[in-house]
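A quick write-up on the structure given underneath.
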Amino acid sequence: MTKFEALGLDKPLLDAISDLGFESPSEVQEKSIPILLDQETDLVALAQTGTGKTAAFGFPMIQKIQSESRTTQGLILSPTRELCLQITNELKLYSKYVKGLNVVAIYGGASITEQARQIKRGAQIVVATPGRMKDMIGRNMVDISKIDYCVLDEADEMLNMGFYEDIKDILSNTPQEKFTWLFSATMPKEVATIAKKFMHKPVEITVGTVNAGASTVQHEYYVVGGRDRYAALKRLADANPGIFSVVFCRTKRDTQRVAEKLIEDGYNAGALHGDLSQNQRDLVMNSFRKKQVQMLVATDVAARGIDVDDVTHVINYQLPDEIETYTHRSGRTGRAGKSGISMVIVTRSETRKIKAIENKIKQEFIKKNIPDGMEICEIQLYHLANKIKDTKVNQEIDSYLPAINDVLDGIDREELIKKIFSVEFTQFYNYYSKTKDLNSSEGGKDKGEGKGSKEDIPSEGSVRYFINVGERDGYDWMSLKDFLRDTLNVEKEDIFNVDTKDSFSFFNSDAHLAEFILQTFTEFKLEGRFINVEISTKPGGGGGGKGGKKRSGRKGGGRRGGNSSYKGGNKGGGRGGNKGGYGKKGGKKRSGFY
Ligand code: ADP
Ligand code: MG
């Protein structure tokens with residue numbers, strides 16, 4: 001018997017679950033599903049984002065509904081159109097073996113008559129945003145007078161967005177005799193009020209610490225001058241070549257502006273905010289899901305609840321006004337048990353807000369430095385080397401080889417390598433060789449970046465190392481830290497600032513450990529492979545060419561689409577022209593702004 005079977009789920013759901021590849025229920029699922037299946041009761045469930053709440057209410061609802069009847073029996077209210085569609089899609093996947101079950105989404109910005117038609121064909125489950133729901137009730141396009149179950153999903157956010165009156169109106173059209181299941185990440189007063197007013201002795205479930213961020217997320221902050229915010233954002237992106245991120249801004253205007261600047265600078269970015277048409281929002285979300293957009297710049301409202309897997313970084317371009325909002329933001333990463341990083345860019349005067357957030361999420365922030373230009377160059381060089389190594393040779397080139405050989409005649413291997421690297425690297429080098437340190441003063445204790453070389457091991461401060469294993473070897477910052485701690489037999493705190501990249505990583509230790517660490521990793525083999533640790537060095541003037549001219553109009557420090565190797569994203573080559581690693585590329589903005 002599988003763990004899902006033990007919860008009381010029937011075959012059609014179990015089959016779908018196995019198709020989905022879910023191995024065992026999450027905690028909120030384990031706690032809610034048996035209750036909702038066995039008891040006719042109201043329920044309040046509090047769990048962080050990314051803990052699988054959709055299935056926690058979706059599985060029992062699907063199982064309890066009579067699919068033979070066409071009556072609408074289940075209503076799910078959710079705050080945004082994106083979320084509404086996401087829930088609908090999930091429920092369709094869950095119920096794929098339940099014959100005759102129809103799940104219909106109704107939301108604003110799309111044809112109301114088409115939605116009414118779908119409802120008319122028979123929808124046992126309706127997933128709706130409050131505004132459109134009210135509208136359709138008013139026009140007699142939907143009948144919710146016979147529902148048995150009502151779910152308020154992301155209840156805190158619905159109330160945040162001012163849907164209280166709408167929800168009240170909608171619920172007044174539902175029968176007294178029904179069961180209401182409320183799901184929320186946080187429990188502000190307003191949610192408690194709703195629970196009291198509209199629910200009858202609800203069973204309460206809490207998963208984890210309420211209001212706490214997921215513990216798989218590492219929280220970091222960077223202190224910069226107010227005018228350096230954008231430059232800092234760029235560096236954070238450049239220092240993480242595989243980044244797949246949501247960048248949060250406070251206003252629609254900033255969101256738009258930052259996205260536009262990123263696109264102008266050659267990044268695969270897109271904007272998501274309420275001033276865009278629904279169609280534009282759909283386009284940008286689709287590109288993001290396909291990982292064509294690597295940096296989704298969004299407002300809190302527009303991005304709420306969006307469930308996209310594998311988001312590696314959440315970047316708080318500005319801190320939100322409400323501390324609670326930070327929880328929602330950072331919950332976009334570290335989903336489904338994976339690890340993620342939430343970065344906050346703050347000015348000196350904002351650092352006290354960090355303390356307040358720490359208290360709220362019960363997790364500490366790590367203060368980090370914006371990487372300096374040379375460290376970024378180093379990262380980009382290694383990244384490029386690995387990309388070249390991993391590139392599958394295109395056999396079509398064979399026929400051109402003699403001609404190419406003619407052109408490159410007389411250039412030896414080393415020279416050739418230097419030239420190839422310079423093609424891609426010089427733009428970074430030119431940009432970053434002139435840039436200043438962006439970090440606002442405040443200690444500077446762990447500022448060992450790029451200091452020293454193998455011969456001269458620093459004797460104080462902290463030391464930054466390069467190690468030739470990374471995410472493709474199955475490490476994330478947590479597991480690499482564990483590996484280092486176990487291998488070196490040191491305390492967890494002795495290794496810090498672990499940054500995993502695709503095929504290599506960086507970490508720090510106190511200087512007094514440096515010799516020991518380098519020694520330990522001399523001739524060190526793991527599963528037959530040499531693990532190499534070096535003190536992270538600056539490439540110095542190695543990048544060649546001081547031409548100073550910006551190439552192809554791209555501002556320095558920008559990058560092209562092909563310069564990234566986010567997991568699984570860029571392989572299919574679906575985007576014409578965007579694969580060429582270091583050659584010239586056609587248009588620069590391919591998947592950017594819509
Ligand atoms: P929440 O609503 O709590 O934010 P979701 O319901 O959106 O979370 O689920 C987050 C992700 O986890 C989804 O991609 C979902 O398919 C996946 N998921 C849900 N339950 C499981 C499970 N038991 N095992 C593996 N993945 C799961
Ligand atoms: Mg959800």
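Values in this text are rule-based calculations from the coordinates and carry no lab data. If you're wondering where the values come from, they're calculated on a predicted model, not measured in any experiment. Note: ideal-geometry Cβ built from the backbone for every residue, glycine included; neighbour counts use all protein chains shown.
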- Task: With 28 Å as the limit, write out which pairs from Lys120/Lys201; Lys31/Lys64; Lys168/Lys355; Lys11/Lys178; Lys99/Lys120 have Cα-Cα distances beyond it, or answer none.
- Result: Lys120/Lys201; Lys168/Lys355
- Item | Compactness relative to 2.2 N^0.38 Å, alpha carbon Rg of region 82-129 | 1.10
- Packing-based exposure ordering (other Cβ within 10 Å, fewest first) of Arg464, Arg227, Arg335: Arg227, Arg335, Arg464
- Extension length gain for Leu416 and Asn286 (0.36 nm per residue less Cα distance), in nm, is 42.8 nm
- Within region 168-187, backbone nitrogen closer than 17 Å to the virtual label 7 Å beyond the Cα of Glu40 toward Cβ: 174-181
- Note on the structure: Whole-Hz Karplus couplings 3J(HN,Hα) for region 13-23, θ = phi - 60° and coefficients 6.51, -1.76, 1.60, Gly and Pro as x, run 6, 4, 5, 5, 4, 5, 4, 6, x, 6, 8
- Rg to Rh for region 1-152: what is it, with Cα atoms only and Rh by Kirkwood? 0.96
- Checked against a 30 Å limit on the C-alpha separation, the offending pairs among Lys291/Lys481; Lys234/Lys525; Lys367/Lys501; Lys360/Lys436 are Lys234/Lys525; Lys360/Lys436
- Message: Tell me the volume per residue, in Å³, of the convex hull enclosing the alpha carbons of the chain.
- Response: 181 Å³
- One finds the C-alpha centres of region 82-155 and region 374-421 to be spaced, in Å, by 54 Å
